[in-house]
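A short worksheet on the structure shown next.
The values are calculated or read from the model by the stated rules, or taken from the named source; none is laboratory data. The structure presented is a predicted model; accordingly, all values stated were derived computationally and were not measured. Glycine gets a Cβ as well: all are built from the backbone with ideal geometry, and neighbour counts include every protein chain shown. Note: areas computed on protein heavy atoms with side chains; ligands, DNA, RNA excluded. Shrake-Rupley method; radii C 1.70, N 1.55, O 1.52, S 1.80 Å.
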Amino acid sequence: MSNTRLKRSFWQRLFGICATPLPKTPSCWRYEDGKVILTLSKTSELQEGMGAVRLEGNGLLKRILVVRNKQGDYQAFHNHCAHAGRRIDHDPATGQLQCCSVSKSTYSNTGEQISGPAKQGLQALEVTREDDTLSIQIL
């Protein structure tokens with residue numbers, strides 16, 4: 001597996017500016033009863049290819065990264081680098097996950113640590129899909 005880096009400036013990495021977007025349609029998801037409920041048809045970032053979106057706020061206690069892999073399956077992770085706590089970015093070219101900061105910790109598409117100073121992998125979250133809805137178990 002190749003280990004490439006997202007093209008990001010020094011300043012983006014220094015300040016931990018995440019390249020993975022928030023949803024263009026904020027109403028595409030909600031948090032209730034320990035679950036994130038995401039409507040796929042309202043989430044353009046996950047419509048095609050290997051897209052990703054980050055979910056934050058709206059009562060959510062932990063940031064979430066939702067990724068669509070090349071097989072079209074959905075994965076979710078606690079969006080928290082195991083090294084410095086910064087956000088994680090998805091690299092659609094490789095399917096890998098990378099810390100948005102200068103530490104450049106890199107993880108496989110299943111969240112296993114590949115390189116960088118992180119000492120452990122990412123926390124994967126249980127995802128179930130029913131028609132147009134993803135349910136992500138947080139608790």
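Selection within segment 34-54: residues that are under 12 Å from I138 (Cα atoms) and open to solvent by less than 50 Å² (accessible area, probe 1.4 Å). The member of this set that is modelled with the lowest pLDDT is G34. Candidates are the residues of segment 80-96 that are in a loop (DSSP other than H, G, I, E, B) and of a type in the set (A, V, I, L, M); the one that is nearest to F15 (Cα to Cα) is A84.
When S101, S105 are checked against the criterion of being over 13 Å from the mean Cα position of the chain (by Cα), modelled with pLDDT of 85 or more and surrounded by 19 or more Cβ atoms within 10 Å (Cβ to Cβ), S105 stands alone in meeting it. The sole residue among S27, S9 that is under 22 Å from D132 (Cβ atoms), among the hydroxyl-bearing types (S, T, Y) and either out of contact with any Leu (no Cβ under 9 Å at 6 or more places or on another chain) or exposed (fewer than 14 other Cβ atoms within 10 Å of the Cβ) (or both) is S27. Tallying residues that are in contact with a Lys or Arg (Cβ under 8 Å, 6 or more places away or on another chain), modelled with pLDDT of 85 or more and open to solvent by less than 10 Å² (accessible area, probe 1.4 Å) within segment 58-87 yields 4.
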